[in-house]
Amino acid sequence: MTQNPNIPFLDLVAPHRELEAELVEVFRTALTRGAFIGGPMVEEFENEFARFCETSHCVGVSSGTDALRFALIAAGVGPDQIVITVPHTFIATTEAISQAGAWPDFVDVDPRTCNLDVEKLREYLQTRCWADKARGKTIHRQTGRVVSAVVPVHLYGQTADMDAICELAEAHRLIVVEDACQAHGARYFSNRTKEWRTAGSMGRAAAFSFYPGKNLGACGEAGAVTTQDPEIARRVRVLREHGQAEKYYHDIEGYNGRLDAIQAGILRIKLRHLEDWNRQRRAHALAYNSRLASVAGLTVPFEPSWSRAVYHLYVVRTPHREALRRFLSEAGIGTGIHYPIPLHLQKAYAHRGFRAGDFPMAEGLASKILSLPMYPQLRPEQIERVVDAVQKCMQECLQECGQQVLVGV
Ligand SMILES: *Cc1c(COP(=O)(O)O)cnc(C)c1O
């Protein structure tokens with residue numbers, strides 16, 4: 001076993017060991033300065049991350065959930081409005097919508113990309129809403145509520161189809177707030193502007209999480225809002241700091257949602273490695289693809305020509321998910337399921353009256369997806385071992401149930 005140790009799903013030790021001396025220095029600097037919240041380290045990180053995302057503003061906050069909530073409020077989402085998102089995402093997306101006072105509603109995902117299905121969004125806006133021309137608003141027929149925003153989630157590190165989403169949003173007067181919490185550095189080729197755009201620069205505002213396991217992770221909780229709009233940036237700064245623009249002068253009630261100086265300092269150091277780390281993740285995905293794409297009964301991630309994904313997660317699909325997960329676990333290989341229950345079927349939303357069958361693509365994915373080990377420090381021989389185990393397991397499944405395995409992937 002010593003020459004064949006386990007392969008974890010995620011390795012949070014290796015990247016920090018490599019950078020230990022620099023990271024410890026950040027802590028020492030903060031101790032010396034006595035500056036723990038806000039201050040120059042935060043501002044330096046904000047400037048550098050804005051540059052990385054090709055936006056004019058970045059505001060550091062205390063988590064991705066806060067980033068989403070503040071971005072929605074600052075962009076103008078208000079109480080009792082409807083905000084559209086997908087059921088196939090982490091619950092923070094809808095928590096932030098609810099915490100902004102709005103109602104999350106769902107549009108199903110495209111099973112190939114696992115991201116928002118643009119045709120379903122069009123259908124929702126055309127059949128379930130009407131245009132109140134006098135007020136310049138889109139109204140949800142059934143509830144009479146204003147539909148004010150859409151939150152595309154760039155899931156697993158791949159952007160949603162932003163041209164089509166932004167076009168629909170403009171036609172129906174919706175605010176677009178990107179959930180870029182899994183997509184630091186992901187790129188999208190915009191046919192509208194004929195250029196590659198970076199995740200976080202395409203909506204009115206975007207939210208990033210620096211939770212430790214993300215492509216850019218802090219050593220604790222952290223997040224950021226990016227935007228091209230100086231007024232949104234100003235509002236987020238006020239919201240994160242108890243509604244004050246000047247100390248103890250509170251124009252509104254805000255939140256305690258600031259970014260720690262130590263986390264910002266750590267993020268600055270790690271940001272220098274993010275392009276490299278993303279490149280390594282893409283290379284690992286390519287290596288997985290080259291050997292898994294032809295495995296019967298298994299579907300590998302799909303990357304449209306307009307996408308340069310950063311593979312926060314590498315997610316395969318198989319109707320034999322449980323068997324594969326067990327097999328890999330017994331082989332000492334860690335996996336994850338992102339996510340096992342679509343949001344509309346979570347207990348937290350039972351009061352909303354959604355039913356099984358409402359969003360069939362999200363439901364189908366939830367039972368078939370499996371996330372394989374993915375992190376920059378993954379070694380070629382580890383990828384080989386994962387691939388060998390997946391191939392072996394799928395062969396066994398195939399033998400057990402004949403051609404049945406090929407159906408319904
Ligand atoms: C991680 C994540 C969030 C929330 O980020 P936190 O920093 O944990 O609050 C939101 N949306 C998605 C899609 C995420 O993956």
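Quick one: which of S290, S294 is in the same structural domain as P360 (by TED's automatic domain parsing), assigned to a loop (DSSP other than H, G, I, E, B), modelled with pLDDT of 95 or more and of a type in the set (G, A, S)?
Working: S290 fails: assigned to a loop (DSSP other than H, G, I, E, B).
Among S290, S294, only S294 is in the same structural domain as P360 (by TED's automatic domain parsing), assigned to a loop (DSSP other than H, G, I, E, B), modelled with pLDDT of 95 or more and of a type in the set (G, A, S).
Need the failing condition index for A149 against (1) surrounded by fewer than 24 Cβ atoms within 10 Å (Cβ to Cβ); (2) in contact with a Leu (Cβ under 6 Å, 6 or more places away or on another chain), just the number.
Every listed condition holds for A149 apart from (1).
For region 236-251, state whether one or more residues are outside the structural domain of T29 (by TED's automatic domain parsing), modelled with pLDDT of 95 or more, touching a Gly at 6+ places or on another chain (Cβ under 6 Å) and within 16 Å of the ligand (Cβ to nearest atom).
Within region 236-251, not a single residue is outside the structural domain of T29 (by TED's automatic domain parsing), modelled with pLDDT of 95 or more, touching a Gly at 6+ places or on another chain (Cβ under 6 Å) and within 16 Å of the ligand (Cβ to nearest atom).
Touching a strand residue (DSSP E or B) at 6+ places or on another chain (Cβ under 9 Å) and under 22 Å from K214 (Cα atoms): does that describe T65?
yes
Could you pull out the residue among G257, G217, G213, G223 that is surrounded by fewer than 24 Cβ atoms within 10 Å (Cβ to Cβ), under 16 Å from E48 (Cα atoms) and within 15 Å of the ligand (Cβ to nearest atom)? Spell out how you get there, then give the answer.
Values: G257 fails: under 16 Å from E48 (Cα atoms); G213 fails: under 16 Å from E48 (Cα atoms); G223 fails: surrounded by fewer than 24 Cβ atoms within 10 Å (Cβ to Cβ).
So the residue among G257, G217, G213, G223 that is surrounded by fewer than 24 Cβ atoms within 10 Å (Cβ to Cβ), under 16 Å from E48 (Cα atoms) and within 15 Å of the ligand (Cβ to nearest atom) is G217.
For residues that are of a type in the set (A, V, I, L, M, F, W, C), within 15 Å of the chain's Cα centre (by Cα) and within 11 Å of the ligand (Cβ to nearest atom), tally how many sit in region 52-81.
Of the residues in region 52-81, 2 are of a type in the set (A, V, I, L, M, F, W, C), within 15 Å of the chain's Cα centre (by Cα) and within 11 Å of the ligand (Cβ to nearest atom).
Anything in region 340-378 that is of a type in the set (D, E) and under 20 Å from the mean Cα position of the chain (by Cα)? List them, or say none.
Correct list: E363 only.
Does region 165-193 hold any residues that are closer than 22 Å to R279 by Cα and either in a loop (DSSP other than H, G, I, E, B) or not charged (D, E, K, R) (or both), and which are they?
Matches in region 165-193: A180, C181, Q182, A183, H184, G185, A186, Y188, F189, S190.
Would you confirm whether any residue within region 24-35 is more than 21 Å from the chain's Cα centre (by Cα) and either in a loop (DSSP other than H, G, I, E, B) or within 16 Å of the ligand (Cβ to nearest atom) (or both)?
So far as region 24-35 goes, yes, one or more of its residues are more than 21 Å from the chain's Cα centre (by Cα) and either in a loop (DSSP other than H, G, I, E, B) or within 16 Å of the ligand (Cβ to nearest atom) (or both).
Would you confirm whether any residue within region 111-120 is part of a helix (DSSP H, G or I), out of contact with any helix residue (DSSP H, G or I) (no Cβ under 7 Å at 6 or more places or on another chain) and under 22 Å from R192 (Cβ atoms)?
Yes, region 111-120 contains at least one residue that is part of a helix (DSSP H, G or I), out of contact with any helix residue (DSSP H, G or I) (no Cβ under 7 Å at 6 or more places or on another chain) and under 22 Å from R192 (Cβ atoms).
Determine which member of the set T198, T193 is more than 16 Å from the ligand (Cβ to nearest atom), surrounded by fewer than 22 Cβ atoms within 10 Å (Cβ to Cβ) and within 30 Å of I262 (Cα to Cα).
On inspection, the qualifying residue turns out to be T198.
Any idea which of S148, S98 is of a type in the set (G, A, S) and in contact with a Gly (Cβ under 9 Å, 6 or more places away or on another chain)?
Answer to the check: S148.
Any idea which of L216, L174 is under 13 Å from the mean Cα position of the chain (by Cα) and either over 19 Å from A100 (Cα atoms) or not acidic (D, E) (or both)?
L216
Can you go through I84, I97, I91 and tell me which one is of a type in the set (A, V, I, L, M), within 16 Å of the ligand (Cβ to nearest atom), farther than 18 Å from M162 by Cα and crowded, with 23+ Cβ neighbours inside 10 Å?
Working: I84 fails: farther than 18 Å from M162 by Cα; I91 fails: crowded, with 23+ Cβ neighbours inside 10 Å.
Answer to the selection: I97.
Those residues that are over 18 Å from P230 (Cβ atoms) and not acidic (D, E), I need them from region 48-71; list them, please.
F52, S62, S63, G64, T65, L68, R69
For region 172-190, what are the residues that are more than 20 Å from G78 (Cα to Cα) and within 16 Å of the ligand (Cβ to nearest atom)?
Once the filter is applied, which keeps residues that are more than 20 Å from G78 (Cα to Cα) and within 16 Å of the ligand (Cβ to nearest atom), region 172-190 yields A180, C181, Q182, A183, H184, G185, A186.
Going by what's in this entry, would T2 be described as modelled with pLDDT under 95 and farther than 23 Å from C219 by Cβ?
yes
For Q81, only one of the following conditions fails: (1) in contact (Cβ under 8 Å) with a residue 40 or more places away in the chain; (2) of a type in the set (S, T, N, Q); (3) under 28 Å from L274 (Cα atoms). What is its number?
Condition not satisfied by Q81: (3).
Going through A206, A169 one at a time, which residue ends up being surrounded by 20 or more Cβ atoms within 10 Å (Cβ to Cβ) and within 15 Å of the ligand (Cβ to nearest atom)? Give the steps one after another, and end with the answer.
Numbers: A169 fails: within 15 Å of the ligand (Cβ to nearest atom).
On inspection, the qualifying residue turns out to be A206.
Take A149 and tell me if it is away from the ligand (no atom under 16 Å from the Cβ) and not aromatic (F, W, Y). Full working, then the answer.
On the way: away from the ligand (no atom under 16 Å from the Cβ): no; not aromatic (F, W, Y): yes.
No: the conditions fail for A149.
Is it true that P230 is away from the ligand (no atom under 16 Å from the Cβ) and surrounded by fewer than 17 Cβ atoms within 10 Å (Cβ to Cβ)?
Numbers: away from the ligand (no atom under 16 Å from the Cβ): yes; surrounded by fewer than 17 Cβ atoms within 10 Å (Cβ to Cβ): yes.
The answer is yes for P230.
Take the conditions assigned to a loop (DSSP other than H, G, I, E, B) and within 16 Å of the ligand (Cβ to nearest atom) and apply them to V310. Does it pass?
Here the answer is yes, as V310 does meet what is asked.
The values are calculated or read from the model by the stated rules, or taken from the named source; none is laboratory data. Just so we're clear, the structure is a prediction, and the values are computed from it rather than from any experiment. Cβ sites come from the backbone with ideal geometry, for glycine too, and all protein chains shown count toward neighbours.
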